[in-house]
Amino acid sequence: MKKYKICVYAICKNEEKFVNRWVESMKEADDIYVLDTGSTDNTVEKLKELKINVNQKIIKPWRFDTARNESLKLIPNEYDIYVCTDLDEIFVKGWRKKLEENWNENTTRARYTYNWKLDENNKPLVSFFSDKIHNKNYIWKHPVHEVLESNTKENIITIENIILNHYPDTNKSRSSYLPLLELSVKEDPLDDRNMHYLGREYMYYKKWNECIDTLIKHLSLKKATWKDERCASMRFIARSYKNLNRYEEAKMWLKKAINEAPYLREPYIELGILEYSYNNFQSSIKFIEKGLKIKYHPKTYINEIFCYDETPYDILSICYYNIKDFKKSLENVDIALSINPNNERIINNKKIIKSLNT
């Protein structure tokens, strides 16, 4: 097995509480380089105490791609593999050995398992492949949701057993994301990925009409060919119509989402939830049960937690209760509680349903 020279690099600001944990996780690399973009806490001091190569630079106007490209400039031109992480992320031990076992002279970039959200027991809730391990022929592009861009032909490998876990600071603001996404789309209006992200961001801000207009633009782009993401845009349009109390449009877009990606669970469950919210219990049962038959769970950021937790079974139990099928109601409430045994509302629901099954 060839030994490669590997460095980790990162950008950070006010992340002193993550420094020790992050450095411990990253120290399998030969060196670590950090660009601090204006910390006012002890982040820089703690990094220096741990002998990390750290520089400071204020990026104005702020852009993530500029910051990451500046962090790359800190690194001497002697490394074979560059590993970009953030300070709120941790590799599972042994990542370097796995990387060297799989990397070869023709590799330009590596995908790995990224657990973006975990529960309190460290079980992944949202997991997908990320690809921020690369050779020296890359730069970062886009003001936010930045991506790596190569000046040579790419050869990307997947190393599923390299695992990076994300433990975010939930108090950190993401208020910069919306203006940066608007800027990104202005700079490259034909980029389908960031058009989708902008529409999603409008949804997060409850800008329902802007969300609808932007995601319809996303669906019209020639590059917008990934069915999973197109399906998500259709679901987000439906959510916006639902919040505008326009049920028929919401239903229409969810049916479009099903037709776009019939292999995904999400559009069926979301249509079932829509029908439930309008007390259409039989229709809700039909779509949720169709969704639950789909076991395929792709490793993409499109995954919705509520499609794989207790939610579908909880709603099914209520729907069956309302059509007076108490046996099936009890079956589903039991499944919901097996997934989330501490939910007081579902526990109380079971008591009511059980009393009708005796």
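The values are calculated or read from the model by the stated rules, or taken from the named source; none is laboratory data. All values derive from a computational prediction rather than experimental measurement. Note: ideal-geometry Cβ built from the backbone for every residue, glycine included; neighbour counts use all protein chains shown. We work out accessible area using only protein heavy atoms, side chains counted, and drop any ligands, DNA or RNA first. Shrake-Rupley method; radii C 1.70, N 1.55, O 1.52, S 1.80 Å.
Some values worked out for this structure:
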{"read-out": "Virtual spin-label span in nm between ILE156 and ILE58, 7 Å along Cα→Cβ", "value": "3.7 nm"}
{"read-out": "Sequence-distant lysines (8 or more away, or on other chains) whose Cα lies within less than 16 Å of LYS93", "value": "LYS27"}
{"read-out": "Taking the chain and dividing mean pair separation by its residue count, relative contact order in percent (alpha carbons under 8 Å, at least six apart)", "value": "11 percent"}
{"read-out": "Antiparallel DSSP beta bridges within the chain, percent to nearest 5", "value": "45 percent"}
{"read-out": "Debye, to nearest 20: dipole size of the chain, +1 on Lys, Arg Cβ, -1 on Asp, Glu Cβ", "value": "740 debye"}
{"read-out": "Rounded, prolate or oblate (a/c below 1.5 giving rounded, otherwise prolate when a/b exceeds b/c) for segment 314-358 by Cα gyration tensor", "value": "prolate"}
{"read-out": "Signed unit charges on C-beta, dipole axis of the chain, positive-most listed residue PRO298, PRO143, TYR204", "value": "PRO298"}
{"read-out": "Given charges at Cβ of Lys, Arg, Asp, Glu: segment 53-160 dipole, positive-most of THR152, THR85, ILE59", "value": "ILE59"}
{"read-out": "In segment 45-83, trypsin sites (Lys or Arg not before Pro) in a DSSP loop with at most 12 other beta-carbon atoms within 10 Å", "value": "LYS51"}
{"read-out": "Potential lengthening between MET252 and THR225 on full extension [0.36 nm per residue; Cα-Cα distance subtracted]", "value": "7.7 nm"}
{"read-out": "Residue among LEU198, LEU190, LEU264 with the largest mean-square fluctuation in a Gaussian network model of the chain, springs linking Cα atoms under 10 Å", "value": "LEU190"}
{"read-out": "Within the accessible area of the chain (1.4 Å probe), percent carbon and sulfur", "value": "49 percent"}
{"read-out": "Loop-located chymotrypsin sites (Phe, Trp or Tyr not before Pro) in segment 236-319 whose Cβ has at most 12 other Cβ within 10 Å (DSSP)", "value": "TYR263, TYR296"}
{"read-out": "Where segment 194-316 is the region considered: accessible area per residue in Å², 1.4 Å probe", "value": "44 Å²"}
{"read-out": "Test item: Cα-centred dipole of segment 87-187, Lys/Arg +1 and Asp/Glu -1 on Cβ, debye", "value": "120 debye"}
{"read-out": "Calculated FRET efficiency for the pair LYS117/ASN245, C-beta based, R₀ 45 Å, to 0.05", "value": "0.90"}
{"read-out": "Among VAL34, PRO262, SER220 the positive-end extreme of the charge dipole of the chain (Cβ point charges)", "value": "PRO262"}
{"read-out": "Test item: Cα-centred dipole of segment 164-319, Lys/Arg +1 and Asp/Glu -1 on Cβ, debye", "value": "300 debye"}
